[in-house]
1. Which one of these does Val71 not meet: (1) surrounded by 21 or more Cβ atoms within 10 Å (Cβ to Cβ); (2) part of a helix (DSSP H, G or I)?
2. If you scan the stretch 126-159, which residues turn out to be assigned to a loop (DSSP other than H, G, I, E, B), modelled with pLDDT of 85 or more and not hydroxyl-bearing (Ser, Thr, Tyr)?
3. Within the bounds of the stretch 50-62, is there any residue that is within 17 Å of the chain's Cα centre (by Cα) and outside any helix (DSSP H, G or I)?
4. Being under 15 Å from Tyr5 (Cα atoms), of a type in the set (Ser, Thr, Tyr) and either in a helix (DSSP H, G or I) or modelled with pLDDT under 95 (or both) is the filter here; which residues of the stretch 74-92 pass it?
5. Could you list, in sequence order, the residues of the stretch 93-120 that are part of a loop (DSSP other than H, G, I, E, B) and either at pLDDT 95 or above or in contact with a strand residue (DSSP E or B) (Cβ under 6 Å, 6 or more places away or on another chain) (or both)?
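The values are calculated or read from the model by the stated rules, or taken from the named source; none is laboratory data. Predicted model, so just to flag it, every value in this text is computed and none were measured. Don't worry about glycine lacking a Cβ; one is built from the backbone with ideal geometry, like all the others, and counts go over all protein chains shown.
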Amino acid sequence: MLTVYVLIGAPACGKTSWALQNARRLGAIVLSADVVRDEIRRAGGDPFDGDRVFASLDTRLRERLAGGASVIVDATHWLRTYRAYAVNAARAAGARLVAIWFDVPLEECLQRNEGRLGSSPGLRREDPDTIRRIHSGLEIPSIEDFDEIQSVRHVNDST
């Protein structure tokens, strides 16, 4: 069945690792906000222009769904309003909608962040204050928006 998996969690909680590890098993492709931000940056644009980033993600998501592909959407989606585009796109396509909620302690996110060495999307070190702010403001997904909610409590790697 056509499915959209919406990843929800603070930076450095393991979303990108989870997406890459589970895409094949789920028969889904990964769309990443970090990749879109990197493309915008390389084109000379502002990678922190959230409207532009998520408009691009929305377009790509709708295109993949129209083509019959299940999709993992990799972004923090920390506020309900920030994930509405994915919920709306999935509903418009008649896709099953699954929230993957990363219920990872702040200290683990901060520790994982310190271990990041890469410059690639999802592997870069984030500002610890940004992680704290997002972690403290995370809005837990609701069954009102999703057909299913899966919880990830610990991710055992260093990315």
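1. For Val71, the failing item is (2).
2. Matches in the stretch 126-159: Glu126, Asp127, Leu138, Glu139, Ile140, Pro141, Ile143, Glu144, Asp145, Phe146, Asp147, Arg153.
3. Within the stretch 50-62 (the criterion being within 17 Å of the chain's Cα centre (by Cα) and outside any helix (DSSP H, G or I)), the answer is no, since none of the residues qualifies.
4. Tyr82, Tyr85
5. Gly94, Ala95, Asp103, Val104, Pro105
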